[in-house]
Amino acid sequence: MVVTDVHNQLVPNLEASDFSIRFAGVPGVVKGVSIDRGPKRLVLVLDASGNIPEDERELEVETAETLLEHARRSDLFPSITL
């Protein structure tokens, strides 16, 4: 997860209590958070088959764009389109 302010700067000093999660509508517990300043290696898998609802497709694209906007030169983001 990337947390930025209105100026697109990383928000420092966040703690687990600053976050909440839900899985299938059920609240979960965030046990810890940390900042990883090392290079990221993440494969993006995008479904272009047309078999998912449009709103899910838009969320998929928006998430990929956000990840790429915050990427650093040392980060690697190969993609797979299905």
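Determine the gain in length on full extension of the stretch LYS31-ASN51; use 0.36 nm per residue of separation and subtract their C-alpha separation, reporting nm with one decimal. Let's see the in-between values first.
Values: separation 20, 0.36 × 20 = 7.20 nm, distance 3.53 nm.
Residue separation times 0.36 nm, minus the Cα-Cα distance, leaves 3.7 nm.
Zone of MET1 (label point 7 Å along Cα→Cβ, backbone N under 18 Å): which residues in the range 31-52? Zone members listed by number: 31-37. Over the chain, Cα pairs under 8 Å with separation of 6+ residues give a relative contact order of 31 percent.
Can you give the helix-only mean residue ellipticity at 222 nm for the chain, where every DSSP H stretch with n ≥ 4 adds -39500 (n - 2.57) and the sum goes over all residues, rounded to the nearest 500 deg cm²/dmol? Mind showing how you got there, number by number?
Numbers: 1 runs with 16 residues, N = 82.
Using -39500 (n - 2.57) per qualifying helix, the result is -6500 deg cm²/dmol.
The stretch between GLU60 and ARG41 holds 5.0 nm of extra length on full extension. This uses 0.36 nm per residue minus the Cα-Cα distance.
What is the sum of charges, Lys and Arg at +1 and Asp and Glu at -1, for the other residues whose Cβ falls under 15 Å from the Cβ of VAL30? Don't skip to the end; give the middle numbers.
Values: positive: ARG22, LYS31; negative: GLU15, ASP18.
Local charge sum for VAL30: 0.
Read-outs: derived from the displayed coordinates by stated rules, not from any lab. Only a predicted model underlies this, so the values are computations on that prediction, with no experimental measurement involved. Every residue, glycine as well, gets a Cβ built from its backbone with ideal geometry; the counts of neighbours run over all protein chains shown.
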